[in-house]
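Report on the structure given below.
The values are calculated or read from the model by the stated rules, or taken from the named source; none is laboratory data. All of these numbers come straight from a predicted model, not from anything done at the bench. Cβ placement follows ideal geometry from the backbone for every residue including glycine, while neighbour counts extend to all protein chains displayed. Protein only, heavy atoms only, side chains kept; ligands, DNA and RNA dropped before computing areas. Shrake-Rupley method; radii C 1.70, N 1.55, O 1.52, S 1.80 Å.
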Amino acid sequence: MSEDIPFDKSFNLPPGQVEEVMPGIRRLLCNNPGPFTFKGTVTYIVGRREVAIIDPGPIEEAHIAALLDAVRAETVTHILVTHTHRDHSPAAARIKAATGAKTYAQGPHRAARPLHVGEAPPLDSSGDRDFQPDVALADAETVAGPTWALEAVATPGHTANHMAFALKDAPVLFSGDHVMAWSTPVVAPPDGAMSDYMASLEKLAHRDETLYFPGHGGAVRDAHGFVARYIAHRKAREASILKRLDAGEADIPTLVRAIYIGLDPRLTKAAGLSVLAHLEDLVARGQVATEGTPSIDGRYRLVVAVA
Ligand SMILES: [Zn+2]
């Protein structure tokens, strides 16, 4: 299923240790490993003396202390947040309180679409609803310090408010959870939307950056080749859904069993939501039909084109 993407899981930075990955870019791992976070959240420090912090991470005291220690001789001027999941944004308030820096992000947490009647926010309420950026960034807006400049690149899909940040005068993009070397991200309604996610991948395919620093795991090298594989992977997933539906109407658990072979049982719910994301997109495009709005409990069938 995922053999088509050359995932790179070599990432051995110990939590709490600051590593300079490139001149002017430091990274620090938070000790919050898990099935969705890999080894944990990676926080970046950009620039020297007057610096920006990207994704402060969850409220994890050791991480917050290590991050503040890493910048103790410097001034933090900007706190940027790629998206408002609980493993990325909650510590922004703490870093802001300690440094006086302003927070920057696309906007507060929001779903990609309204919740259906009776639908609960999925994945253990992973959204950080407390975070409100001091400064709301628009797509293509630039923020800068004396030694760095970052362009906001709106990349909705994993969440509606996801932004990547492109470093000016370098082929570098901080890709958040949109593109990661170790795994594809979960695209789960109602936070996520597959049509947005695919459009955001196409957007990166047409940009110049070739080296991505993601929110989890190590760098993505040959980023254009990698993004092309990501797009092909999602299209293949969509093709398998259509192929299974060609054999007859099905519900989401049936589709998950047919498509995900050897799935980590902890990811069954996420896989179901990912299939729902594809089905929402396919229903919107008129290729698949269901009763009412697409839902996790729905049954789905192929729309057969009449010649
Ligand atoms: Zn994350």
Notebook entry, point to check: Taking a temperature of 4 °C and a viscosity of 1.567 mPa s, what whole-number D in µm²/s does Stokes-Einstein yield for segment 116-247 with Rh from Kirkwood over alpha carbon pairs?
Noted result: 80
Notebook entry, point to check: How much length is gained if the chain between Trp182 and Val304 is pulled fully straight, taking 0.36 nm per residue apart and subtracting their Cα-Cα distance, in nm to one decimal?
Noted result: 40.2 nm
Margin query: Please list, short to long, the whole-number percent of alpha-carbon pairs of the chain in consecutive 10 angstrom bins beginning at zero.
Written below: 6, 28, 34, 20, 9, 2, 0, 0
Notebook entry, point to check: Under a Cβ-Cβ cut-off of 12 Å, what is the net charge of the residues other than Arg110 that fall near it, where Lys and Arg count +1 and Asp and Glu count -1?
Noted result: 0
Next item on the list: Compute the accessible area per residue over the chain, keeping the other protein chains in place, probe 1.4 Å, unit Å².
Entry: 43
Item checked: Distant-in-sequence amide H partners of Ala149 (H built 1.01 Å from N, under 5 Å) -> Lys168
Margin query: Nearest 500 deg cm²/dmol is fine: what mean residue ellipticity at 222 nm does the chain get from its DSSP H runs of n ≥ 4 alone, each adding -39,500 (n - 2.57), divided by its residue count?
Written below: -8500 deg cm²/dmol
Item checked: Kyte-Doolittle mean at least -1.0, axial Cα span of 20 Å or more - DSSP H helices of the chain -> 223-246, 268-284
Check: Count the lysine pairs in the chain that are 8 or more places apart or on different chains: how many have C-alpha atoms under 21 angstrom apart?
Finding: 7
Item checked: Percent carbon-and-sulfur accessible area, the chain, ignoring ligands, DNA and RNA, probe 1.4 Å -> 54
Next item on the list: Work from the charge dipole of segment 199-307 (Cβ charges, +1 for Lys and Arg, -1 for Asp and Glu, about the Cα centre) and give the residue of Val227, Leu276, Tyr300 farthest towards its positive end.
Entry: Val227
Notebook entry, point to check: Just Gly262, Gly57, Gly40 to compare: in a GNM of the chain, with alpha carbon springs under 10 Å, which one fluctuates most?
Noted result: Gly262
